[in-house]
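Okay, so here's the structure we're looking at.
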2 protein chains.
Amino acid sequence: MIPVAEALEKVLAARSVPATESVPLYQCPGRILAEDIAADRAFPPFDRVTMDGIALWLDGRAEEGMYRIEATTYAGEPAGKLASRSGAVEVMTGAVLPEGTNTVVRYEDLAFSEHFGSRFASLKAGVVPGQNIHRKGEDRAEGSLLLKAGTRIGSPEVAILATVGRPSVQVYRNPSVCLVSTGDELVDIHETPLPHQIRRSSTYQLSAALREIGIKSDIQHLRDDADGLFRALQTYLRQHDILILTGGVSAGKKDYLPEVLERLGVTRQFHQVAQRPGKPLWFGTTADGKAVFALPGNPVSTFLCFLKYVRPFLGHGPKGKPVATLSEQVIFKPDLTYFMPVATYYNEEGRHVARPLKGSGSGDFANLLECTGFLELPVGRTDFAAGEVFPYLPF
Amino acid sequence: MIPVAEALEKVLAARSVPATESVPLYQCPGRILAEDIAADRAFPPFDRVTMDGIALWLDGRAEEGMYRIEATTYAGEPAGKLASRSGAVEVMTGAVLPEGTNTVVRYEDLAFSEHFGSRFASLKAGVVPGQNIHRKGEDRAEGSLLLKAGTRIGSPEVAILATVGRPSVQVYRNPSVCLVSTGDELVDIHETPLPHQIRRSSTYQLSAALREIGIKSDIQHLRDDADGLFRALQTYLRQHDILILTGGVSAGKKDYLPEVLERLGVTRQFHQVAQRPGKPLWFGTTADGKAVFALPGNPVSTFLCFLKYVRPFLGHGPKGKPVATLSEQVIFKPDLTYFMPVATYYNEEGRHVARPLKGSGSGDFANLLECTGFLELPVGRTDFAAGEVFPYLPF
C-alpha cells in the first residue's frame, strides 16, 4: 500500500509523449495543442478605429472649430489619407486609421452641419488626443508566442488559431482506450437483472467522462474467469493504448485481475493506495508503453480513481489548484487519505464551501448526483474542523 | 437601452419547450433530459455484501468461538442460506447476503483454521452486528424519482441511466444554430489578409463554445450589403432555429442588421443593453418561434454576450450562483454594468479571487487566453473595493 502522492507520481511518470496528428480547427476543442503558435502579424495588424465617428489630427491646439469631412473610410478598405489638418475623415469601427490623423471622436460627441455643399463636424465634448484607436501591435507583436504546445484548446484558443489562419492544427493523438467491467453479478443495460444481479454502470459513466474530454472509448465486459480474462485482455492490450478495468482487484476469491495482468506481462507499478474510497487500485505498464488501470468496482471508488489518477494521466487534470472550505466538522479515523464526496457552493463572502454528503460510502452511486467533487482530507489526522481549507477535486 | 437584468429576462422569456428525441445513452452527455427517471428497483436491490469475508448471525451472544464455513457465495449468485447459527458463509463483495445471516466480517479481522476436514473462522477484532452490509433500498426506494426532466446529463447521470436500464433516453432536441459573421474587413481563415484586413475568429470561437455544450452549428459569412444580407438571412432563418450574427449592430454607416432583421419580420425585443462590453447587442424573435441574436463584433464583446445571454437561452447557464472576490480596487465611471475580464484563482483561505486583466478593452481578444470569466460589477456605482464579492460569469 502506497500513499496517494506517491501513487499519483508513479502514474504521471508513466506518461509518454503521444504521437501528433493534424486535425481541422472545428475538431480542436478539448484537444491538447502539439505545436507552439506565434502571431503571424502584429495584433492588431494596423492602427484600428474602435468607434464610429471621425478621425482628425489633434496636437496642442484648441479643439474648437469645425472640421470639413473630406471622405469616409469603412472597415475593410485600404487606409485613407487626410488631405488638410482642418479636415476630418469619417471612419467606421474596424477601419484603418487614415494617414495624417491621430484621434477618433465618436458620433455621440459630434454635431454635424452642412455649409457650401460640404459636411462639417464640430466637437461637443472634451477630446483626448489619441483616443479611440487600438494601436498596431498593442496586444501582441508580430512573431510573439501566443499559445504553447501542451495547452488544452478551448474556445478562446480556437479564436486565436482562427486569427492566425490555422484551418488545421497539430494536436496530440488521443489514446485508444478500452473500458472493461468485470463481475459476474453485472448484466448489460438492455437486460432485466435477476434478483441477485445489477446492471453495469461504471463503464458507461467512464465512457461519458472520457467523451467530455474528447476521448472515445470501447466498452467491454468480462466474466470472473481467470483464463477468459487472460485471453480477452491479451487481445484488448494489443488493440488499445490504455485499458481501464473495473472490479476484480480486491482480496476476494475471484479477484483474478492482478495475477492475470502480471501473467500478461503488465508490470505492476502499485497495488493498493492508502485512500478511501479506492484502496484496491492497481496500476501497471507494459514494455511497449501501454498503461493499465484496474479500478475498484464500487461506482464511487471507480469514479474517484478516474478523477484523481486517470484523468491527469490523460493530460486533463484540474486547472490551477482548486480548494474548498469544510462546512462542518468531520471525524475520520482510518489512517488513510479520505476523499470525501461533497457538494460545493459559494457563500456570500465569496468563499468556496464544501458540504459533506452523507451516504453509504463507496456503494452509494446515487449520492454522485448531488456531488460536485471530492475534498481531499490528508492522512495522519482524525479531526477536521469546520472552516479548514483542503484541496478539492472537481468533477 | 435596457438594463442587463431586463435584457436577460427578455431572452429567457423567449425560450420555448423544444421537441424531444430519443438518443442512445452514449450520446447523452451534455444533453438535457426530457423525461423523469425513476428507480426501477430498490437501490441496492438486495442486502449487498460490501467486504470479502464471512457472513454470520450475531445477536447479543459472545463473539468468541469459531464458525464453521458451510459454503461460499460469490457476487452474481442467487442468495445462499446459513444452515446453522454456529456456522458462517464465506462471501465476496457484491454478493447477496445469505439468508440467516446479519453481519459480515472481513478477511483482515479473521483467522482461519482446519479441523476434522472443515474450515473454521474465528474473530480477531471486535464486530458490530449488522456491519459491512449495504441494505436493500438504503440509497433509494423502488419507484423513487432519481432524475428530473430538465437535468443536464453529465457522467454521474449516465451511471444512473445505465443502472435503471436505459440504452436510449428522451432528451430535448438540440436547436439548429447558424453562426453568421458580417464585416467587409474579415477574410476567412485559409486566406492571407491584405494589410487592412483581418481574419474571422468569432464565429469559429462560438462554434467551439457551442460544441463544448454539445450543439453543432453552421458557419457563414456575409458582406456589409443590405440586400445581400436580406436575401441570405431570409434563407438561414428558414433553415435554422437560431441565428447568431456578429458585427453590424452599432451606429456605423454600414451597420445594416437591425433594419434588415426588422424587414425580415424578426420582432426586435431589445437593441442596446446598459453594459460594457457588448452595449450594441440586438435580440429579436419571429412569430414561428425562432430567435436571432445580433452580437457586437469585437471578439470580447461577442463572447461576453454569448456567455451572458445565448448560453442560458440554450439551457446551459452556469450551475449555482458563482461569485468571486475582487482582488484590487476598480474604478469604472460609465453608468453601465461592467463585465470585467478577470482571471480567478483560490487563495489559501479558500476564497475565490478575481484578478482584473489589463488590456485594450473589447478589442483585445488575446486577453481572453488568460481570462477565466467576467466579474459583473453593478451599474450605479463607480468605485469597487478590493475584497468585495460580485457575481462571476465563468467561461
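Every listed requirement among (1) more than 11 Å from chain B (Cβ to nearest Cβ); (2) farther than 30 Å from residue A:379 by Cβ; (3) not in a helix (DSSP H, G or I) is met by residue A:260 save one, (3).
Pairs meeting the criteria (first residue in segment A:369-395 and within 13 Å of another protein chain (Cβ to nearest Cβ) and crowded, with 16+ Cβ neighbours inside 10 Å, second residue of a type in the set (Ser, Thr, Tyr) and in a strand (DSSP E or B), beta carbons under 6 Å, at least 6 apart or on different chains) are A:372/A:344; A:373/A:392; A:375/A:392; A:389/A:325.
Looking across segment A:345-373 at every residue that is among the acidic types (Asp, Glu) and modelled with pLDDT of 75 or more, the one that is farthest from residue B:350 (Cα to Cα) is identified as A:370.
Looking only at residues that are within 14 Å of chain A (Cβ to nearest Cβ) and assigned to a loop (DSSP other than H, G, I, E, B) in segment B:282-297, which one is farthest from residue A:75 (Cα to Cα)?
It comes out as B:296.
If residue A:161 meets every condition in (1) of a type outside the set (S, T, N, Q); (2) in a loop (DSSP other than H, G, I, E, B); (3) within 19 Å of residue B:186 (Cα to Cα) apart from one, which number is that one? Condition (2) is where residue A:161 drops out. For segment B:167-183, the set of residues classified as modelled with pLDDT of 95 or more and within 7 Å of chain A (Cβ to nearest Cβ) consists of B:167 only. Filtered by the rule that a residue be among the polar types (S, T, N, Q) and touching a residue at least 60 places away in the same chain (Cβ under 8 Å), segment A:11-57 gives A:16, A:20, A:22, A:50. Of the residues examined, residue A:251 is one that is within 14 Å of another protein chain (Cβ to nearest Cβ), surrounded by fewer than 19 Cβ atoms within 10 Å (Cβ to Cβ) and part of a loop (DSSP other than H, G, I, E, B). Of the residues making up segment A:184-207, those that are more than 7 Å from every other protein chain (Cβ to nearest Cβ) and of a type in the set (D, E, K, R) number 2. Selection within segment B:80-95: residues that are β-branched (Val, Ile, Thr) and closer than 12 Å to residue B:132 by Cα. The member of this set that is surrounded by the fewest Cβ atoms within 10 Å (Cβ to Cβ) is B:93. Closer than 15 Å to residue B:129 by Cα, at pLDDT 95 or above and surrounded by 21 or more Cβ atoms within 10 Å (Cβ to Cβ): does that describe residue B:33? No; evaluated as a whole, the condition is false for this residue. Tell me, which residue of segment A:307-332 that is within 14 Å of chain B (Cβ to nearest Cβ) and of a type in the set (D, E, K, R) is nearest to residue A:379 (Cα to Cα)? Among them, the one singled out is A:321. Every test in (1) of a type outside the set (A, V, I, L, M); (2) crowded, with 18+ Cβ neighbours inside 10 Å; (3) at positive phi is passed by residue A:65 save one, and that test is (2).
Summed over segment A:96-111, the residues that are surrounded by fewer than 21 Cβ atoms within 10 Å (Cβ to Cβ) and of a type in the set (Ser, Thr, Tyr) give a count of 1. When the residues of segment A:211-242 are filtered to those that are touching a residue at least 60 places away in the same chain (Cβ under 8 Å) and of a type in the set (A, V, I, L, M, F, W, C), the one that is farthest from the other protein chains (Cβ to nearest Cβ) is A:242. Could you look through segment A:207-239, keep only residues that are assigned to a helix (DSSP H, G or I) and over 26 Å from residue A:287 (Cβ atoms), and pick out the one that is nearest to the chain's Cα centre (by Cα)? So, considering only residues that are assigned to a helix (DSSP H, G or I) and over 26 Å from residue A:287 (Cβ atoms), the one nearest to the chain's Cα centre (by Cα) is A:212.
The values are calculated or read from the model by the stated rules, or taken from the named source; none is laboratory data. Quick caveat: nothing in here was measured; it's all calculated off a predicted structure. Positions of Cβ are backbone-derived with ideal geometry, glycine not excepted, and every protein chain shown enters the neighbour counts.
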